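Remarks on the structure that follows.
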Amino acid sequence: LWATAWEINSREKVVEVVKFAYTYNFDTIFAEIRYRADALYIPNKSDSTYGNPEKRSYFLEDSDNDFDPFEYLLTLSHLFHIKVYGWITTFVVTPNKVDRLPESHIYFQHPDWITCKKDFTPMNTNAPAGAFLDPGIDEVKDYTKNIILDIISNYNLDGIILDYVRYPYIDYGYNPTAIQKFATDVKNGFQPEDFSLWRQEQLTNFVKDIGTKIKNVKPDIAFAITVKPEYDKAKKYYFQNWKKWLKSDNLDFVY
């Protein structure tokens with residue numbers, strides 16, 4: 001059962017989600033605890049090994065400041081033997097309108113990390129899902145890994161499921177920093193000199209690395225990713241070479 005951010009932003013709504021799951025025999029809830037680089041949980045709750053600067057989601061504006069939706073959902077779900085995966089939107093980081101985001105949000109702090117088109121124009125937040133960070137930038141991948149590892153270090157979750165582990169579309173990925181890295185990789189022997197293949201490799205390496213790190217922190221946790229279902233289109237247009245991902249020892253499922 002998928003539970004979106006706006007379906008778990010109060011105690012009453014969490015109760016309804018768990019009640020629905022129990023009534024209709026769902027055995028697992030995928031709970032959206034990161035909507036757009038924000039938190040429906042408490043960052044660095046007790047273990048601050050992995051720095052996580054993301055702020056409380058604006059979906060929680062009407063809630064008690066001490067309310068931790070994810071902890072409450074985990075507690076109730078486990079009472080009824082229902083598993084919970086933390087559902088993370090990965091590289092997409094803004095809603096369409098950014099006026100409700102805090103000044104500390106990654107979109108304002110690092111506009112230089114937003115993916116670009118061929119003319120180096122940054123992706124507009126009016127795009128259907130919002131603006132994406134560029135997976136071809138090492139700092140973007142490191143930042144994102146820390147968010148994921150912070151969550152699994154601080155919560156007794158059963159699994160982690162990553163959404164939007166992809167580029168927005170084939171015509172994105174041209175952030176100047178990413179292009180510079182591509183040029184360096186070609187100079188150092190990346191073959192063939194194919195930018196599409198390189199973009200696939202950025203995601204594949206991210207999946208492999210975060211999978212290893214997740215299992216090192218919590219060996220028994222399930223690790224899953226959502227993917228575009230038609231493999232050839234997923235690989236060509238979004239650079240999700242998910243058949244290759246599934247050969248990794250640490251990725252348990254794709255959805």
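The values are calculated or read from the model by the stated rules, or taken from the named source; none is laboratory data. Predicted model, so just to flag it, every value in this text is computed and none were measured. A quick note on method: Cβ atoms are made from the backbone with ideal geometry, for glycine too, and the neighbour counts reach across all protein chains shown. SASA here: full protein model, heavy atoms, side chains in, ligands and nucleic acids out. Shrake-Rupley method; radii C 1.70, N 1.55, O 1.52, S 1.80 Å.
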Check: Taking the Cα centre of each part, how many Å lie between the stretch 1-33 and the stretch 154-223?
Finding: 30 Å
Next item on the list: Show me 28-39, 1-12 ranked by packing, highest mean number of other Cβ atoms within 10 Å first.
Entry: 28-39, 1-12
Next item on the list: Just the number, please: Stokes-Einstein D of the stretch 49-138 in µm²/s, Kirkwood Rh from C-alpha pairs, 20 °C, 1.002 mPa s.
Entry: 138 µm²/s
Next item on the list: DSSP loop (so not H, G, I, E, B), at most 13 other Cβ within 10 Å: list which GluC sites (Glu not before Pro) in the stretch 38-147 pass both filters.
Entry: GLU61, GLU103
Checklist line | Accessible surface of the stretch 1-116 [probe 1.4 Å, protein heavy atoms]: carbon and sulfur percent | finding: 51 percent
Margin query: I'd like the per residue volume of the convex hull spanned by the Cα atoms of the stretch 104-255, given in cubic angstrom.
Written below: 122 Å³
Item checked: Stokes-Einstein diffusion coefficient of the stretch 1-119, Kirkwood radius over Cα pairs, 37 °C, 0.692 mPa s, in µm²/s -> 213 µm²/s
Check: Looking at the stretch 182-249, which GluC sites (Glu not before Pro) are in a loop (DSSP not H, G, I, E or B) and have at most 16 other Cβ atoms within 10 Å?
Finding: GLU193, GLU230
Next item on the list: Using the structure shown, select from LYS97/LYS233; LYS117/LYS218; LYS13/LYS244; LYS97/LYS218 the pairs with a Cα to Cα distance greater than 32 angstrom.
Entry: LYS117/LYS218; LYS13/LYS244; LYS97/LYS218
Checklist line | the chain: mean projected area of Cα convex hull, nm² | finding: 13.9 nm²
Next item on the list: Taking each pair of different alpha-carbon atoms in the stretch 31-100 once, compute 1/r for the pair, average those values, and report the inverse of that mean as the Kirkwood hydrodynamic radius in Å to one decimal.
Entry: 13.3 Å
Note to self: Rolling a 1.4 Å sphere over the protein heavy atoms, what is the accessible area per residue of the stretch 1-91, to the nearest Å²?
What the structure shows: 49 Å²
